[in-house]
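Below is one structure, written out as structure tokens; the observations come after it.
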Amino acid sequence: MRISESSVKRPVTVLMCVLIVIILGIVSYTRIPLDLLPDMDIPVAVVSTSYQGVGPQEVEKLVTKPLEQAVGTVQNLKTISSSSSEGSSLIIVQFNYGVDMNNAALDLREKVDLVKGALPDDVSSPMVFKFDPTSMPILTLSLSSEGKSLSELQKLAEDTVKPRLERAEGVASVDVRGGTEDIVEIRTKAEKMQGYGISLDTLAGILKAENLNLPGGDVQKGSQKLTVKTTGEFSSVDDIKQLLVPLGNGANIQLMDIADVELKPDEQTTISKANGKPSINISLMKQSGSNTVKVSEAAQAEIAGLEKELDGVNITLVNDSADYVKKSLNQVFHEGMVGGLLAVLILYLFLRNVRTTLIIATSIPISIIATFSILYFSDITLNMMTLGGLALGMGRLVDDSVVVLENIYRFRQNGYSRTEAAVKGSSEVIVAVMASTLTTLAVFLPIVFVQGLTSTLFKQFALTVSFSLAASLVVAVTLVPMLAAKLLKINHQDKAPDGEDFDVESMAKAEGGMRPPEEKPARYFLRIRGLFNKAYAKFDQGYESLLSVYKDILAWSLTHRVKVVLFTTVFFFLCMSSLAFVGSEFMPQSDEGYVQVTVTLPDGSKVENTAAFMNELEGKMENVQGIDTVFIEAGSAGESGLVAAKGNTGTMNVKLVPLAQRRGVQEITDEIRRLIQDTPGAELKVAPLQSMSMGDAGEPISIILKGEELETLKEVADDVVGIVKGVPGTREVKSSYEDGIPEVEISVNRQAASQYGLTAGQIASTVRASLAGTTATSYKYDGTEIDVVIRGDENFKQNIQALEQIPINNTAGNTVSLNQVADISIKRGPVSIARQDQVRTVTVSSQLSGRDVGSVSTDIQKALDTYQMPDRYTYEMTGQQKEMMDAFGDLGLALILAVLLVYMVMASQFESLLYPFVIMFSMPIGFAGGILGLFLTGKSLSVNSIIGLIMLAGIVVSNAIVLVDYINTRRKVYHEDRNTAIIKAGPIRLRPILMTALATILAMLPMALGVGEGAELQAPLAIVVVFGLTLSTVVTLVLIPVMYTLFDDFSNKVKGMFFSGKGGDKTGDSEKPAVAIDPGNPVQG
């Protein structure tokens, strides 16, 4: 093709183009955002509705069901899940992947608006919003101090820390939790209030009316116009205490006579502690699309300034997502660099010359730098998937350059000039090189058919590998010929005989790798050179021994073809049988350095009790080796904000020391679980914190039970919990059904209330003010406004009998007790009602320890098959098991399509349907090697390892293509019979096959070792490729020639049947030309 000729003739242009690519790539690299995972557009929307004071069953009937019916008509809908709890309805709508979520959310709002008018009057307007995974905190801080109270810390966090962090570049919002705000509490005295005939509502009205500043217009003073302002705001707590309260008889009393007035901290709803010290929790969210690392660095720069300014305040970094991102990406970068160096080293060992090695090695950095430019302009971030794709493709980047340079060198040996050899040599193999690269690229095309989270994660991986390979192909057909024309040397004494292909070893000699003895180096380097020469000699001896053994095996295999096929078949099935001992999981568990403990006390427990229980757990964990910081948050609503905060729940985030200084996170998790699992009084869940855990995929085992009657669902759930607990490897098995806490229900007796002139609203307002309190007004204190809260007598909270005596004043000034106008009873109902696809559900979930998801799910399924479900009640396995099976199904289809595409590409290259089929026999051995690798290393079959199998489909055929193509060349060009061509082609092509295979294997070896942060994600993929390619290369060198002869015999037999008597050639060499011309020899022709 003319592209190589133009490159050789215009070296300056090529050089300038390369420099442009390098400059653009380096600039792009500095501007590409860094993140742990690709940007994920999760197709989930939420409809949130509030209906205060209404129980779960009423919320389900009056709010959730009508909204579900409306939402169910939205297009591209996958599932609808809902939760109806007291005063709240939450509907989670999951769409099919690939849907434009902006349009989907708009459509959803339109459907909700259609039924909004039919909802009860007191229902809030339903809020519709998209789920954004980037809204999760990337940075969590803890503020603590020995000399400041929590209310002072809260004020400091709100007024100083929060504004400073929010102005850092890329910060979206900052959330402050765990503190308490000061209030002015007015605790009334029931007896005196009744004696003076003053109600709580009356007192609140007086406070509000007395505490104000109002403009009064203007007044003239001579020629001046002055504004008038009436001031009456409280200036101190004493002003509130001394407030005069008018009585019905015209007299006045001071507020302090009927109530205790005190400036105090409000009750805490969330309690935070860092390493046992009370603290304030500050969470920082980044803007969508911003660079996680840069946002973290900008925020930490502000934190460093705050630490200098805030004396006596400790700022502890609890969690920094950017730290794990940087460590993981640096680890992948390091593995890629080491792999690239190993690939170059193996090339040098074979080529034995710096110039030749550098010509080929240029394809690695230039291809990677060019890929950075494409990633930047494609709006793709640098993350574990993209950098992993670059690292895994490192060894494959040199393959095209090796093939091109080999052919150029052959033309130089046959007498062509540097320029002619560069043009003709590269042009002759450009089609084959393109076909070889296309076979690798073709395997990634079917990933477009993969859906769900797998598609989101691995699409960028596939694009990155494709970009880098395409760049390496361009380098191979442009830069390599140009550099060869300028730098490649040849020793004409080593000229290959006519009609023979060159040997790479002669290239090494010609390039100075094995120089004549008479060349004497400088004395200073004599000893070092001697050591290298000994190493080279050992390498050459080893290769010559390998070559001799291979020749004998190849010759033997051609005369014992049946034995070779049988042995290979048995070996294949033995390797594949190891699959029975390989576990399965959705994604490999990563070690991010955090363990999360979730605590749930009995419903109704106070947040103080939850905090005390968590303190007890922390004490049991104090001797665990590897813990850096323990951060406690009792009464937390969770980071998503979708669930209302409850005092009986809490989370403990355990930050571990760096990985190099500790054991694995799973081992520490198991130790923590052993230490705290027998602590009575709460449900506990202990698990490593995983960035990959989102939605249902976060639970390893999740079983959804469906039916209509809650009591029946509860009974079935209890049975299923028992079944799951009986399966080895399950931990923390629990049901989502929760009995509601005993609650006091006040049912207004409307007839009695009307006789006293009271309404249900007046009664409810008085009860709320007496027990929870009511905010009457605000008071300026220390530069901020704080609430003035009126609360009833504490005695009314002591018991039900006291509650019944709450006084209620009517409009006539008369007082009646609560039990005179209402019936008081204790009831219990469900805390919440879950539904999926408009059917009630209860979920049974479990964590795992020591076993994989696939095997445990299989055992659970077998146990459930023997369980008799009630009529019209069903169950469904979800969680990681469902995600895994869906992903495996999609990837299985992608693998089949990849194999077909590879065959089609090779058929186009060979213009034959037979030879590609022969080459395809290298694939099963590659797959078997990958499975064997998982078995030997103890890794599970996961999405990552299946991606590795798909990659193998495009990689392993390259060696067979090189071998079969050259066998055909010898038969067609050099008039050799089939067996002679095979006997000569195998040993000649052994060296380039080993070069390309070892370069790829060694480039992936550091990643396959799986050492360091984030390495767990890429290790299974690299292991599959390394073992698969190794085994395939060894077997291919023998099996493919044997299969070639078998299919050649079959082809000749078929030809003999159809062309018998028509002069057809039955020798299998009918395609030989009449005159053999070596295209690389100018003497011929």
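What follows draws every value from the coordinates through simple rules; no lab data is involved. Here the structure is a predicted model, which is why all the values come from computation and not from measurement. When we count neighbours, we look across all protein chains shown, and the Cβ atoms used for this are built from the backbone with ideal geometry, even at glycine.
In debye, nearest 20, what is the charge dipole magnitude of the chain about its Cα centre with +1 on Lys and Arg Cβ and -1 on Asp and Glu Cβ, if you could check? Intermediate results must be reported in sequence, preceding the final value.
Values: 95 positive and 120 negative charges, 1030 e Å.
So the magnitude is around 4940 debye.
Amide H contacts of residue 781: 786, each under 5 Å away and 5 or more positions distant or on a separate chain (H built 1.01 Å from N in the peptide plane; Pro and chain starts excluded). 3J(HN,Hα) along segment 916-922: x, 5, 4, 4, 4, 5, 6 Hz, from the Karplus curve 6.51 cos²θ - 1.76 cosθ + 1.60 with θ = phi - 60°, whole Hz, x for Gly and Pro. Extension gain for residue 251-residue 581 works out to 109.8 nm (0.36 nm per residue, less the C-alpha to C-alpha distance). Residues in segment 590-603 carry Karplus couplings, in order, of 9, 9, 9, x, 9, 10, 10, 10, 9, 10, 10, 8, x, 4 Hz; the curve used is 6.51 cos²θ - 1.76 cosθ + 1.60 with θ = phi - 60°, and Gly or Pro positions show x. Extending 7 Å from Cα along the Cβ direction at residue 127 and again at residue 1051 yields two label points whose distance is 7.0 nm. Potential lengthening of the chain between residue 208 and residue 287 amounts to 24.3 nm, from the contour at 0.36 nm per residue minus the alpha-carbon distance. For residue 840, the amide hydrogen comes within under 5 Å of the amide hydrogens of 707, counting only partners 5 or more places away or on other chains and with H modelled in the peptide plane.
Around the amide H of residue 319, modelled in the peptide plane, lie the amide H atoms of 140, all under 5 Å away and 5 or more residues distant in sequence or on another chain. Taking label positions 7 Å along the Cα-Cβ direction at both residue 220 and residue 660, the computed distance is 8.6 nm, reported to one decimal.
Shape of segment 177-317 from its Cα gyration tensor (a ≥ b ≥ c, root eigenvalues): rounded if a/c is under 1.5, otherwise prolate when a/b > b/c, or oblate? Present the calculation step by step, with values, prior to reporting the outcome.
Values: a/c = 3.31, a/b = 1.64, b/c = 2.02.
Verdict is oblate for segment 177-317.
Is the shape of segment 685-810 best called rounded, prolate or oblate, per the rule: a/c under 1.5 gives rounded, else a/b larger than b/c gives prolate, else oblate, with a ≥ b ≥ c the square roots of the Cα gyration tensor eigenvalues?
Details: a/c = 3.40, a/b = 1.79, b/c = 1.90.
Verdict is oblate for segment 685-810.
Of all alpha-carbon pairs in the chain, indicate the percentage at a distance above 58 angstrom.
Details: 184560 of 588070 pairs.
The share of Cα pairs beyond 58 Å in the chain comes to 31 percent.
Assuming charge only on the beta carbon of Lys and Arg (+1) and of Asp and Glu (-1), the dipole of segment 44-131 about its Cα centre is about 220 debye to the nearest 20. Note that segment 273-278 has calculated 3J(HN,Hα) couplings of 9, 10, 6, x, 9, x Hz, one per residue in order, obtained from phi through the Karplus relation 6.51 cos²θ - 1.76 cosθ + 1.60 (θ = phi - 60°); glycine and proline are x.
Quick one: of 155/646; 208/606; 273/326, which pairs are farther than 29 Å apart, Cα to Cα?
Details: 155/646 23 Å; 208/606 32 Å; 273/326 27 Å.
As for pairs spanning more than 29 Å Cα to Cα, those are 208/606.
Per-residue extension of 0.36 nm, minus the Cα-Cα distance of residue 800 and residue 573, leaves a gain of 74.3 nm for this segment.
Give the calculated FRET efficiency between residue 333 and residue 228 to the nearest 0.05, with a Förster radius of 45 Å applied to their Cβ-Cβ distance.
0.05
For an R0 of 41 angstrom, estimate the FRET efficiency from the Cβ-Cβ distance between residue 26 and residue 115 and round to the nearest 0.05. It would help to have the intermediate numbers written out before the result.
Values: r = 56 Å, r/R0 = 1.37.
Efficiency at R0 = 41 Å is approximately 0.15.
The simple spin-label model puts a point 7 Å past each Cα toward its Cβ; for residue 242 and residue 784 those points are separated by 2.8 nm.
Kindly provide the GluC sites (Glu not before Pro) of segment 865-912 that DSSP labels as loop, not H, G, I, E or B, and whose Cβ sees at most 12 other Cβ atoms within 10 Å.
Details: sites: 876, 883, 911; in loops: 911.
Answer in residue order: 911.
In this structure, residue 533 and residue 16 have a Cβ-Cβ separation that, at R0 = 30 Å, corresponds to a calculated FRET efficiency of about 0.15.
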